[in-house]
Amino acid sequence: MKGLVFVLSLFALPARADYVGPDGKVRDCYCTDKSGSRIELGQMICLQVDGRIFTAQCQMSLNVPMWREVQEGCLSSDLDWPDLDQTLKTSAS
């Protein structure tokens, strides 16, 4: 079980990819978001393109970093809180 957890934790880390050019210089491979911020290979973000919203992962395709859709929609942390006034009134009755 510990081995399985260790292996799964490796997949959670963003994959780092470095390209060594013919001149011997290391060039990092990464994607960028709409603000130009660096997103490492393997990281996932929520993208909105042409009115569509989806979760995408930064991946390599034909030696070019690109965004690949991994699921429709995006995870949200929005939570509907119960109406506390109504809850207090019902519990007082």
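Each value in this text was obtained by applying a stated rule to the coordinates, not by laboratory testing. Computed from a predicted model, the values in this text were never measured in an experiment.
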message: For a quick check: with amide H placed at 1.01 Å from N, whose amide H comes under 5 Å from LEU41's, ignoring anything fewer than 5 positions away on the same chain?
response: ALA17, CYS31
message: Report the gain in length on full extension from CYS74 to ASP50: 0.36 nm times residue separation, minus Cα-Cα distance, nm rounded to one decimal.
response: 7.1 nm
